[in-house]
Every structure is written in structure tokens, then in C-alpha cells.
């Protein structure tokens with residue numbers, strides 16, 4: 001994979017994390033997904049391998065330099081890696097010594113956020129394809145029927161952008177049901 005000329009120039013063709021090897025990878029710092037240089041870090045093969053290896057704490061001592069980069073993408077990735085080793089004194093000291101912009105810290109920590117799970121009325125995690133039972137009678141808007149308590153809804157679908165809603169079929173009608181009114185079956 002080639003690195004854009006602008007990204008190469010930013011750190012004289014060197015890895016922006018270790019600052020010692022030639023950068024070979026354009027690494028886009030999630031959750032950003034576009035290929036804008038502002039969202040990328042030039043990374044060498046050694047650092048790429050270390051990102052996948054949780055036993056690479058010693059390698060990441062190099063971040064003591066990259067965390068001070070003027071580029072938010074490098075700061076965010078450095079902070080994210082440091083956060084994985086925050087139990088070690090050197091990493092914790094470094095995290096506490098930097099004064100990064102709050103947006104950069106949020107960007108860094110976004111990798112550790114877990115999406116909200118769909119849970120039934122009793123806290124059980126729901127998944128696509130589960131069967132659920134209604135815990136109370138529900139008036140179904142836009143139709144002329146009420147779904148009675150105890151109705152089984154088979155093969156539900158989770159509403160992606162709202163963990164409090166699922167879709168299910170009752171009386172051949174696909175309806176949206178609030179998760180607080182169902183029990184995993």
C-alpha cells in the first residue's frame with residue numbers, strides 16, 4: 001500500500017509513532033473512515049504488528065515522543081495505545097502528563113466504547129432472530145388490533161440506531177416494539 005505524498009512529507013517518510021522506521025501504511029484512526037490526511041497516521045510495519053500484539057508494551061515506550069505530535073490523529077492513536085497499557089506506571093504517567101484537547105481524547109477512547117445492547121425488560125441481551133414474549137398488552141398503532149400479553153414474537157430484528165426498539169411480526173404485520181415490553185423467549 002502506498003502512502004500519500006502529503007502524509008509522507010508530514011514526518012519525513014518516517015513512522016509517526018516510533019519515529020525510527022520508514023512508514024509503509026496509511027492508518028486511518030477509527031471511527032473516522034474517510035481517507036483524509038487529517039484522520040490518518042503514517043505507520044511502519046513494526047508498529048502495525050505491535051498494535052495487534054497485546055504483549056508489546058515495551059515497544060510502545062516510543063509513544064513518549066509521538067503523543068506530543070502537533071497532529072490530532074497521531075495524538076489520538078498514541079493516547080489510544082497508551083490507554084491499553086495504563087496499568088503500567090510509565091504509560092499512566094505519560095497519560096497524566098499530556099494536556100490534549102477533549103475532542104482528541106474522545107476520538108482516542110471511542111475505540112473502547114461498546115455500542116448499547118438491546119435488552120429485554122429483565123436485562124437479557126436480545127439478538128437478531130431471537131423469539132420474545134410480550135409482557136403486557138400493546139395497542140398497535142395504525143391497525144385495528146391489540147397484541148395481548150403473552151403473545152410470542154418470532155425472529156425479531158434489532159433496530160440498529162435505537163437499542164430500545166425491535167421489529168417483529170404480529171398478525172402478519174411488521175411492527176416496532178419497545179424492548180421494555182418484551183421478555184426473551
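Here's the yes/no breakdown for (1) over 30 Å from residue 83 (Cβ atoms); (2) outside the structural domain of residue 29 (by TED's automatic domain parsing); (3) under 26 Å from the mean Cα position of the chain (by Cα):
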position	(1), (2), (3)
117	no, yes, yes
125	no, yes, yes
148	yes, yes, no
154	yes, yes, no
158	no, yes, yes
167	yes, yes, yes
170	yes, yes, no
174	yes, yes, no
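For residue 31, indicate whether it is within 17 Å of residue 108 (Cα to Cα) and either part of a strand (DSSP E or B) or out of contact with any helix residue (DSSP H, G or I) (no Cβ under 9 Å at 6 or more places or on another chain) (or both). Reasoning before the result, please.
Working: within 17 Å of residue 108 (Cα to Cα): yes; either part of a strand (DSSP E or B) or out of contact with any helix residue (DSSP H, G or I) (no Cβ under 9 Å at 6 or more places or on another chain) (or both): no.
Considered against the rule, which asks whether it is within 17 Å of residue 108 (Cα to Cα) and either part of a strand (DSSP E or B) or out of contact with any helix residue (DSSP H, G or I) (no Cβ under 9 Å at 6 or more places or on another chain) (or both), residue 31 comes out as no.
The values are calculated or read from the model by the stated rules, or taken from the named source; none is laboratory data. Nothing here was measured: the structure is a model prediction, and the numbers come from that model. Don't worry about glycine lacking a Cβ; one is built from the backbone with ideal geometry, like all the others, and counts go over all protein chains shown.
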